[in-house]
């Protein structure tokens, strides 16, 4: 018996007019429609009803749409989620699709748009259910799937997304027409050849081979991959193992979704942000310099209140200049320019220089700052010096800013497998658990009685994460209120590949 009912759909949206409007359209398509004004209410209905399709608004009060999506994906029921978003939140749509959303629809949408995307989702569920039922009745090898004129082959060949299947040796045993079309592969090549005859992306090929060799124990850890074809076509690629009766790996199935339109919109947004930031930096710098000159030359002639106002104006202008600089850094990362000149870097020497440079700032707050590194030099890694300085400069500066006077900052570096591990720990204010999933978002700043006077743009940690992601690294944070925070960074020693994932 099928777990999902493709004829049952729920609309989770805090706007009543949109909920009711969607219900009128979907009811005429013979759907049984459920409505929910909040994420929590929607999840309660999904738990009770075999809903097959979810229309989910990303911007809602209370439980945000992204958390609702994660909860639905964690159910592992195969529910299709179509996110409702706007062009201003296209980055959220991309993130949602990486988590597992089927597609997205911009708000406001036309009735025909809704009918088309929901019909496609319903057909997809029905096709999958048919494939699952046929798979239970028949046992066949991967090679048989392509040569035998079976109903499963017909279903796979009619899928709107590209599908490619390899055996454990990386030999392609099945490929559907959509895959040929999307990647402009000559269909005459057929099957039976190594995967590198169909795909040139080395990282994607290595991912397929790692899955086939059983590298991933938890399949939720298998990363998605963005495939770039001559900077013109972009595909979101997901790979999963195919398991036999004894849970042995028989090969890998690859599914690709065209995200070229989403990518183009995201690039336009980044280009606009970079251009505006660049145009603002020069006049702001001029204003700041002129204010500094006025304060210096007329300090003895001005009233105390006038001096205070000019000093505040100078301080705020400097803050705007810092924000513009951070925005330009983010734009460079998004444009895949964060790794500009790869040179061998000794991370231990780099940390020594940064700690020495920031020691004076720590001492003005009567803080102690220490660095612990192995007696033997750490291995050199290939990276861009400026971006590495930005990563650890931001982390250590944050530790100083968010630690009380007389506090302690500890920086350490060692090896963790084939990675260099760097920790920046403090015994400062700490971060409440409710903020932990937001600190890497742009412009987000933790504000309370202890931190509200600390100046900043809220872009430092997003820049750090963007750089770390771009070199295939990892960053983690652990914190306890009034006890301190520890950031842990893992840097891979292998030569970094430019990441195409958006920040």
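Pick from the stretch 372-407 the residues that are in a strand (DSSP E or B) and closer than 18 Å to residue 421 by Cβ: which of them is modelled with the highest pLDDT? Don't jump to the end; show me each part of the working.
Looking only at the stretch 372-407, we keep the residues that are in a strand (DSSP E or B), and these are 372, 381-384.
Adding the requirement that they be closer than 18 Å to residue 421 by Cβ leaves 372, 381-383.
Working: 372: 94, 381: 90, 382: 87, 383: 85.
If we take residues in the stretch 372-407 being in a strand (DSSP E or B) and closer than 18 Å to residue 421 by Cβ, then 372 is modelled with the highest pLDDT.
Being surrounded by 15 or more Cβ atoms within 10 Å (Cβ to Cβ), under 23 Å from residue 223 (Cα atoms) and at pLDDT 90 or above, is that true of even one residue in the stretch 423-437?
Checked against the condition, which is being surrounded by 15 or more Cβ atoms within 10 Å (Cβ to Cβ), under 23 Å from residue 223 (Cα atoms) and at pLDDT 90 or above, the stretch 423-437 yields no hits at all.
What about residue 159, is it assigned to a loop (DSSP other than H, G, I, E, B), without any contact (Cβ under 8 Å) to a residue 60 or more places away in the chain, in contact with a helix residue (DSSP H, G or I) (Cβ under 8 Å, 6 or more places away or on another chain) and surrounded by 12 or more Cβ atoms within 10 Å (Cβ to Cβ)? Talk me through it step by step, then tell me what you get.
Numbers: assigned to a loop (DSSP other than H, G, I, E, B): yes; without any contact (Cβ under 8 Å) to a residue 60 or more places away in the chain: yes; in contact with a helix residue (DSSP H, G or I) (Cβ under 8 Å, 6 or more places away or on another chain): yes; surrounded by 12 or more Cβ atoms within 10 Å (Cβ to Cβ): yes.
In short, yes.
Scan the stretch 359-373 and tell me whether some residue there is free of Cβ contacts under 8 Å to residues at least 24 places away in the same chain and surrounded by 13 or more Cβ atoms within 10 Å (Cβ to Cβ).
Residues of the stretch 359-373 that are free of Cβ contacts under 8 Å to residues at least 24 places away in the same chain, as a first pass: 359-360, 363-364.
Checking the rest, the ones that are also surrounded by 13 or more Cβ atoms within 10 Å (Cβ to Cβ) come to 359.
Yes, that holds for at least one residue.
The values are calculated or read from the model by the stated rules, or taken from the named source; none is laboratory data. A quick note: this is a predicted structure, and the numbers were derived from the prediction, not measured. Note that each Cβ is placed from the backbone with ideal geometry, even for glycine, and that neighbours are counted across all protein chains shown.
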